[in-house]
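One structure is given below, encoded as C-alpha cells.
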Amino acid sequence: MADNDVLIIAHRGASGYLPEHTLEAKVLAYGMGADYLEQDVIATRDDQLVVLHDIYLDRVTNVAEKYPHRKRDDGRYYVRDFDLRELKALRVWERRGDDGISPVFPKRFPTGQGGAFRIPTMREEIKLVQGLNKSTGRSVGIYVEIKRPAWHQAEGVDVSPLLLQLLDDSGYRTRDDLAYVQCFDAREVRRIRHDLGCELKIVQLLGENDWGESDTDYDQLKTPAGLRDVAATADGVGPWIGHLVKTAEIDGRPVSTGFVSAAHDAGLTVHPYTFRADQLAPGFDSLQEMIQWFVDELAIDGLFTDFPDLARMALRS
Ligand code: CA
C-alpha cells in the first residue's frame, strides 16, 4: 500500500483509457500504480470463467457480426451460450450504448478500433498480475466480482465454487492474501463465507433495489442494523457513490450522508464505486477534487476508479 493507505482499485482496469476488462487495460492500470485490479467473472458454455462485466456480449464485442444467428429471443447474445474457443475469436471494443453503435463514454478509446483486444480468462488475468508482481517486486492484488450468481445457477452453472477453487489453486486463500471477493447478492456473500469456507477478504456490494442486480434488499442492508448483519460475514462494503454524498439545497455543495461513519461503526471498510473523470458526482469540478473530498471528509478506505493514474495523483497531493 502507498500514500495514505487508501486503496486504488482499477475498475475493469484502466478503463478510462482502454476497452474495459482487456489485459491491455489491466497492464496499464498496473503501471499507473493501482493497488488492486478488478475482475468481473462470467461462465462460458463450457464452464470456463472469463472476465467480462455483462452476462451479454453485444455492448463490448463484435458478436453480432461474427455469430449473427446466436442471439436469444430477447435479441441479446449471452456469454453462457458460447464456448471459450468461440469467445476467443471475438474482437473486444470500447463499450457501446443500447443502440449498439454510440460509445457510452465519447472521450474514451475509439470504439471499433484496436482489433487485437480479446476476452481474457480469469486464469490468464491471475497469471498476468502474478507475473508482473514477480518482475516488478510490487504486490498488486485482484478484486474479483461474482456476477449474477442466481442467474448463473438457473443457467446450470455454480460460479462461486469454480472461482474459489481457481483462487485457491493460485495461492489466494486467507485474509492476508492479495485478493478480495465481491458480490451484490447478499445470500451468495453469506454462502461463500459460511458454506463454501471462503477465508479471503469479502466485500458486500450495495446497489439500489430497482437496478435488478439481485433480490437483495439494499434499503435494509444500508441501515445500521443491516450493516451490522453484513459485518457478521463480510469485511467491507462497496457502496455506490450516490449512497455517500448528497448536495446541499442552498448552494449545491457536496454533503455527507453519514453512510461511511455508519459502516465504520459496524466495523466495515468502505470502497465506493465509481470515480470517473468523465462522470463526476454533482458538486465537484474535477476528479482530483472529488477524490480528495471523499478521502478527507468521509475517510473512505479505498475507491474504484476508471482512472488509476488520476487517483494516484490525487492521493499524493
Ligand atoms: Ca464489478
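The values are calculated or read from the model by the stated rules, or taken from the named source; none is laboratory data. Note that the structure is a prediction, hence the values are computed from the model and not measured. Positions of Cβ are generated from backbone atoms using ideal geometry, with glycine treated the same way; all protein chains shown enter the neighbour counts. Calculation scope for accessible area: heavy atoms of the full protein, side chains included, ligands and nucleic acids excluded. Shrake-Rupley method; radii C 1.70, N 1.55, O 1.52, S 1.80 Å.
Can you go through ILE142, ILE146 and tell me which one is in contact with a Cys (Cβ under 8 Å, 6 or more places away or on another chain) and among the aliphatic types (A, V, I, L, M)? Walk me through it before giving the result.
Details: ILE142 fails: in contact with a Cys (Cβ under 8 Å, 6 or more places away or on another chain).
Answer to the selection: ILE146.
With the checklist (1) outside any helix (DSSP H, G or I); (2) open to solvent by 40 Å² or more (accessible area, probe 1.4 Å); (3) among the hydrophobic types (A, V, I, L, M, F, W, C); (4) closer than 17 Å to ALA29 by Cβ in hand, flag the one item LEU128 doesn't pass.
(1)
Among the numbered conditions (1) within 16 Å of the ligand (Cβ to nearest atom); (2) open to solvent by 10 Å² or more (accessible area, probe 1.4 Å); (3) of a type in the set (Asp, Glu), tell me where ASP47 comes up short.
(1)
Identify all residues within the range 171-207 that are within 15 Å of the ligand (Cβ to nearest atom) and assigned to a loop (DSSP other than H, G, I, E, B); write none if there are none. Give the steps one after another, and end with the answer.
Just the residues of the range 171-207 that are within 15 Å of the ligand (Cβ to nearest atom), to begin with: 179-185, 188-189, 202-207.
Once the filter is applied, which keeps residues that are within 15 Å of the ligand (Cβ to nearest atom) and assigned to a loop (DSSP other than H, G, I, E, B), the range 171-207 yields PHE184, ASP185, LEU206, GLY207.
So, of the residues in the range 208-225 that are within 16 Å of the ligand (Cβ to nearest atom) and either in a helix (DSSP H, G or I) or more than 20 Å from the chain's Cα centre (by Cα) (or both), which turns out to be surrounded by the most Cβ atoms within 10 Å (Cβ to Cβ)?
TYR218
Among the residues of the range 169-179, write down those that are on the phi < 0 side of the Ramachandran plot and open to solvent by less than 60 Å² (accessible area, probe 1.4 Å).
Just the residues of the range 169-179 that are on the phi < 0 side of the Ramachandran plot, to begin with: 169-170, 172-179.
Of everything in the range 169-179, those that are on the phi < 0 side of the Ramachandran plot and open to solvent by less than 60 Å² (accessible area, probe 1.4 Å) turn out to be SER170, TYR172, THR174, ASP177, LEU178, ALA179.
Which condition does ARG76 not pass, out of (1) basic (Lys, Arg); (2) within 16 Å of the ligand (Cβ to nearest atom); (3) part of a loop (DSSP other than H, G, I, E, B), if it passes all the others?
So ARG76 meets the others, but not (2).
Provide a single number: the residues in the range 87-125 that are open to solvent by less than 60 Å² (accessible area, probe 1.4 Å) and either on the phi > 0 side of the Ramachandran plot or among the acidic types (Asp, Glu) (or both).
Residues flagged as open to solvent by less than 60 Å² (accessible area, probe 1.4 Å) and either on the phi > 0 side of the Ramachandran plot or among the acidic types (Asp, Glu) (or both) within the range 87-125 amount to 5.
Going through the range 267-280 one residue at a time, which ones are more than 17 Å from ALA299 (Cα to Cα), touching a residue at least 24 places away in the same chain (Cβ under 8 Å) and more than 16 Å from the ligand (Cβ to nearest atom)?
So in the range 267-280, the residues more than 17 Å from ALA299 (Cα to Cα) come out as 276-280.
After this cut, where a residue has to be touching a residue at least 24 places away in the same chain (Cβ under 8 Å) as well, the list is 276-279.
The answer is ALA277, ASP278.
Go through (1) buried (at least 20 other Cβ atoms within 10 Å of the Cβ); (2) assigned to a loop (DSSP other than H, G, I, E, B) for LEU163 and report which single condition fails.
Condition (2) is where LEU163 drops out.
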